[in-house]
Amino acid sequence: MRKNRLAVVGALAAVLVAVTGPAGVAHDEPPTLADLAQRHGRYFGSATDNPELTDAPYVSLLGSEFDQITPGNGMKWYATEPQQGVFDFSQGDEIVDLARANHQKVRGHTLVWHSQLPDWLTGREWKAGELRAVLKKHIQTEVRHYRGKVFAWDVVNEAFNEDGTYRDTIFYRTLGPGYIADALRWAHQADPRVKLYLNDYNIESVGPKSDAYYRLAKELRAQGVPLHGIGLQAHLALQYGYPATLEDNLRRFSRLGLETALTEVDIRMYLPADEEKLATQAEWYGDLTEACLAVRRCVGITLWDYTDKYSWIPAFFEGEGAALPWDEELRPKPAYYAIRDALK
Ligand code: XIL
């Protein structure tokens, strides 16, 4: 009898755990952004960078609040193939190991980009055949290395100009526009399961640049080229206004059967920040979160790091900053609460 009662208590406890989650009833810690996003079948992530990983409070919040991370630099070409044919995956691996320890997934960023290329690649002329071989080897070696460890790749980053013409990069110049389809095919061969994305900034709104992606995506899909998603970086700035057509834009890609993701979100402003700017920023963070939730196949949101302490903005946009939902002391800003509200 007593044994039975114990069994009943045990069963009840199991039910309680099942209902309330492993934390049970004793803890009343608020759900994280990741918890809230998961209820919608989305992830909520942050970029991070190797030098930041010695900052314990930073790493702790990174590990608890998010269920996805992206290496801010560690998987780029200059880092991964510093000399031709000599590969170094140590920085990316460090991020992957951290993600594994924290049960997070990793977006791979990025295989083909005109920026942050090694000198051996940019410092000489290439014949098309040579560069094709170099590109294929780079893509396939890196994708193979991270097979099963990243769930998505930004295969080509920033391929278009603002007016929707192809950006004049070493790859476009030497190989023509077909380098994009080739890159996708090579990546797919190296890891048939990983989701393959094209990623760019200023494509949040419907306009010439996002139209170029829409046309290209349609064409690639029609040709059976393995393209699975479009990444909208979403480096927004208060002075340029909110991209009001974001939701429509996400939806048109979704209708092509493609995933979308907001991959590098930050919302910068001219410094100093003030209450009003931070309130507008918060509203925008909330709005873009709602836009993603409203569209099927918008699979998740990634901040381009989560704290102003490690934002890339001040170094790249003079006089601007305060772009992220946590301030330099790792205190949540109004934007953080707006994201929470949007996810609830
Ligand atoms: C940025 C990094 O955050 C910086 O640390 C680095 O110095 C330059 O690149 N678009 C992208 C990202 O796709 O890779 C860029 O990251 C920001 C703009």
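Quick check on this structure: which one of Val106, Val194, Val155, Val150 is among the β-branched types (Val, Ile, Thr), more than 16 Å from the ligand (Cβ to nearest atom), closer than 22 Å to Tyr43 by Cα and surrounded by 22 or more Cβ atoms within 10 Å (Cβ to Cβ)?
Val194
Taking Leu324, is it open to solvent by less than 10 Å² (accessible area, probe 1.4 Å) and in a loop (DSSP other than H, G, I, E, B)?
Answer is yes for this residue.
Within the range 200-214, can one find any residue that is within 16 Å of the ligand (Cβ to nearest atom), out of contact with any Gly (no Cβ under 7 Å at 6 or more places or on another chain) and assigned to a strand (DSSP E or B)?
Yes, the range 200-214 contains at least one residue that is within 16 Å of the ligand (Cβ to nearest atom), out of contact with any Gly (no Cβ under 7 Å at 6 or more places or on another chain) and assigned to a strand (DSSP E or B).
Considering each residue of the range 171-184, count those that are in a helix (DSSP H, G or I) and surrounded by fewer than 17 Cβ atoms within 10 Å (Cβ to Cβ), and give that number.
1
State which residue is nearest to the ligand (Cβ to nearest atom) when the search covers only the range 280-315 and only residues that are within 19 Å of Asp327 (Cβ to Cβ) and among the hydrophobic types (A, V, I, L, M, F, W, C).
In this case the residue turns out to be Trp312.
Note down all Cβ pairs under 9 Å where the first residue falls in the range 167-194 and is closer than 21 Å to Asp119 by Cβ, the second is open to solvent by less than 30 Å² (accessible area, probe 1.4 Å) and among the β-branched types (Val, Ile, Thr), and they're at least six residues apart or on different chains.
Thr169/Val112; Phe171/Val112; Phe171/Val156; Phe171/Ile180; Tyr172/Ile180; Tyr179/Val112; Tyr179/Val156; Tyr179/Thr169
List pairs: first residue in the range 41-68 and within 16 Å of the ligand (Cβ to nearest atom) and of a type in the set (A, V, I, L, M), second residue open to solvent by 40 Å² or more (accessible area, probe 1.4 Å) and outside any helix (DSSP H, G or I) anywhere in the structure, Cβ distance under 8 angstrom, at least six positions apart or on different chains.
Once the first residue is within 16 Å of the ligand (Cβ to nearest atom) and of a type in the set (A, V, I, L, M) and sits in the range 41-68, its partners that are open to solvent by 40 Å² or more (accessible area, probe 1.4 Å) and outside any helix (DSSP H, G or I) give Leu62/Asn102.
For residues that are hydroxyl-bearing (Ser, Thr, Tyr) and buried (at least 24 other Cβ atoms within 10 Å of the Cβ), scanning just the range 280-310, find the one that is farthest from Asp200 (Cα to Cα).
Step by step, filter the range 280-310, then rank; the result is Thr307.
Here is a list: Gly257, Gly300. Which entry is in a strand (DSSP E or B) and of a type in the set (Gly, Ala, Ser)?
Among Gly257, Gly300, only Gly300 is in a strand (DSSP E or B) and of a type in the set (Gly, Ala, Ser).
Restricting to the range 102-152, what's the tally of residues that are of a type in the set (Phe, Trp, Tyr) and without any contact (Cβ under 8 Å) to a residue 40 or more places away in the chain?
Qualifying residue count, the range 102-152: 1.
Could you tell me whether any residue of the range 238-257 is modelled with pLDDT of 95 or more, within 16 Å of the ligand (Cβ to nearest atom) and open to solvent by less than 10 Å² (accessible area, probe 1.4 Å)?
No, there is no match, as no residue in the range 238-257 is modelled with pLDDT of 95 or more, within 16 Å of the ligand (Cβ to nearest atom) and open to solvent by less than 10 Å² (accessible area, probe 1.4 Å).
Condition check: more than 20 Å from the chain's Cα centre (by Cα), open to solvent by 40 Å² or more (accessible area, probe 1.4 Å) and away from the ligand (no atom under 16 Å from the Cβ). Does Val134 satisfy that?
Here the answer is no, as Val134 does not meet what is asked.
Quickly run through the range 195-215 and pick out the residues that are touching a Phe, Trp or Tyr at 6+ places or on another chain (Cβ under 8 Å) and either closer than 16 Å to Asn161 by Cβ or free of Cβ contacts under 8 Å to residues at least 40 places away in the same chain (or both).
Residues satisfying the conditions are Leu198, Asp200, Ile203, Lys209, Ala212, Tyr213, Tyr214.
Matching residues to (1) small (Gly, Ala, Ser); (2) more than 26 Å from Leu196 (Cα to Cα):
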| residue | (1), (2) |
| --- | --- |
| Tyr242 | no, yes |
| Gly286 | yes, yes |
| Cys292 | no, no |
| Thr302 | no, no |
| Asp308 | no, yes |
| Phe316 | no, yes |
| Glu328 | no, yes |
| Tyr337 | no, yes |
| Arg340 | no, yes |
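The values are calculated or read from the model by the stated rules, or taken from the named source; none is laboratory data. Just so you know, these numbers come straight off a predicted model, no measurement behind them. FYI the Cβ positions are ideal-geometry reconstructions off the backbone, even for glycines, and counts take in every protein chain you see. Areas reflect the complete protein model, heavy atoms only, side chains present, ligands, DNA and RNA absent. Shrake-Rupley method; radii C 1.70, N 1.55, O 1.52, S 1.80 Å.
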